[in-house]
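One structure below.
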Amino acid sequence: MNFSSYILGCGSYLPKKIIKNNELPKKLKTSDEWIKTRTGIRQRHIADKKQFNSDLGFEAAQKAIKNSQISISNIDLIIVATSTPDHTFPSTATKIQGKLGIKKGFAFDIQAACSGFIYALSVADNYIVNNQAKNALVIGSEVFSRILDWNDRSTCVLFGDGAGAIVLGKNKKKNSGIISTELYSDGRHYDLLYVNGGVATNQKAGYVKMKGKEVFKHAVQKLVSCIEISLKKNNLKKNDIDWIVPHQANKRIMDMTAVKLGVSKDKVLATVDKYANTSSASIPLTLDYAVKKKIIKRGDIVVFEAIGGGLTWGCSIMKY
Ligand code: UT7
């Protein structure tokens, strides 16, 4: 196997406020039963009005750096995957860089909707492989509650706020690390999942709009195909997979993808019940959860996979 960079450590942060499903029918025509059975979601965390995306990302980043056991001064690249930045510019990544007191290297945001973390991981991996960075902080951070129409039951029940982060470094021993990252997009499906606002359209943040059923079909088919291609490229078999850490949009999508791949549902790690869909934060949040619980261990073969607006999708295979 040809390893490039590897995950030194991870961390996450969730806002304190929790909204459980059974609180939603007070204002919406919905039910705990519908949300649970159709998505697997039981509750979501919502950021305080005073908390910005950078506040969530900063908390997750601090924990990831601590768990990596490296000095903060060794971080020379920061990438934040997000669709809900603090400001149109500068990037949330530079804001977090400032909060961390990092004075060297470079920082920028990536926007690939719910696939953002895999895009960011792929970019960071390439910088490290090409010796343009030594240690990268890769953050997925979202305050999706700010772009939800709380009167639209088809979207607002699905999302939550949170942040997850990893530190990626060069593995000198070459015995573990990222094996492969695969990225795809198809702009013909732009209108299946989008936000109806923007700087250059109506100068508003806008609200999430989704044709859920259609996204669901694309999700299973595209994620299965993407993982199969990646396994083949790297001479791996589906039986080699120890854990799948999927983007947490819907438990049914996550399970169906595994079944179609021929991988046991027991290998699919889920936090969607607790955190709902946190877009680009969902993979690092779930990774951190599984590492803390000692479910994912060093040496395990782990697959990340995600699909989101664009459509964008991708996967990453690594020996953790
Ligand atoms: O993160 C980025 C990627 N996103 C995804 O991967 C999400 C993909 N899509 C999905 O996860 C699912 O399509 C949803 C969870 C969004 C929806 O589940 P579904 O089983 O596809 O339901 P549906 O949209 O076909 O709606 C079924 C029914 C409709 O009522 P009628 O027309 O059958 O009378 C909806 O109006 O459920 C109704 N409905 C609701 N009922 C109660 C929609 N939202 C709700 C709700 N509560 N919150």
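The values are calculated or read from the model by the stated rules, or taken from the named source; none is laboratory data. Bear in mind the structure is a predicted one, so any value in this text is a computation, not a measurement. No Cβ is skipped: glycine too gets one built from the backbone with ideal geometry, and neighbour counts run over all protein chains shown. These area figures cover heavy atoms from the full protein model, side chains too; ligands, DNA and RNA do not enter into them. Shrake-Rupley method; radii C 1.70, N 1.55, O 1.52, S 1.80 Å.
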Magnitude of the Cβ-charge dipole of the chain, K/R +1 and D/E -1, about the Cα centre, nearest 20 debye?
620
Starting from the Cα of residue 130, step 7 Å along the direction of its Cβ; do the same at residue 88; then give the gap between the two resulting points in nm.
3.0
Per residue, accessible area of the range 5-170 with a 1.4 Å probe, heavy atoms of protein chains only, in Å², comes to 44
Just to check I understand the Karplus step: with θ = phi - 60° and J = 6.51 cos²θ - 1.76 cosθ + 1.60, what whole-Hz values come out for the range 187-200, glycine and proline as x?
x, 5, 9, 3, 8, 7, 7, 7, 10, 7, x, x, 3, 8
For the chain, share of DSSP beta bridges that run antiparallel, in % to the nearest 5
70
So residue 229 and residue 146, fully extended at 0.36 nm per residue minus their Cα-Cα distance, gain in nm 26.2 nm
Of 248, 97, 203, which has the largest mean-square fluctuation in a 10 Å C-alpha GNM of the chain?
203
Summing -39500 (n - 2.57) over the DSSP H runs of n ≥ 4 in the chain and dividing by its residue number, what mean residue ellipticity at 222 nm do you reach, to the nearest 500 deg cm²/dmol?
-9500 deg cm²/dmol
Around residue 89 (Cβ within 12 Å, Cβ-to-Cβ, excluding residue 89; K/R +1, D/E -1) the net charge comes to -1
Using +1 on the beta carbon of Lys and Arg, -1 on that of Asp and Glu, and nothing else charged, what's the dipole of the range 115-269 about the Cα centre, debye to 20?
400
From the backbone phi of the range 219-224, what are the Karplus-calculated ³J(HN,Hα) couplings (6.51 cos²θ - 1.76 cosθ + 1.60, θ = phi - 60°) in whole Hz, Gly and Pro given as x?
4, 4, 5, 6, 5, 4
Expressed in angstrom and ordered largest first, the alpha-carbon extents of the range 43-142 along the principal axes are 39, 28, 25
Largest first and to the nearest Å, give the Cα extent of the chain along each principal axis.
56, 46, 38
Rounded percent of accessible protein surface that carbon and sulfur make up, the range 5-170, 1.4 Å probe
51
Would you mind checking the range 159-203 for residues with the amide N under 18 Å from a putative spin-label position 7 Å along Cα→C-beta of residue 214?
185-197
As an exercise, use a Förster radius of 41 Å and the Cβ-Cβ distance of residue 103 and residue 184 to find the FRET efficiency, rounded to the nearest 0.05.
0.65
Once the Cα gyration tensor of the range 1-75 is diagonalised, what are the square roots of 5 times its eigenvalues, in whole Å and ordered largest first, as equivalent ellipsoid semi-axes?
36, 18, 8
Inter-label distance for residue 31 and residue 265, nm, one decimal - labels placed 7 Å from Cα along Cα-to-Cβ:
2.2
Keeping all protein chains in position, work out how much accessible area residue 207 exposes to a 1.4 Å probe, and write it in Å² to the nearest 10.
100
Shape category assigned to the range 83-233 from the gyration tensor of Cα positions, a/c cut at 1.5:
oblate
Between residue 172 and residue 221, what length in nm is gained on full extension when 0.36 nm per residue of separation is reduced by their alpha carbon distance?
14.0 nm
Leaving ligands, DNA and RNA out of it, work out the accessible area of residue 182 with a 1.4 Å probe and give it in Å² to the nearest 10.
10
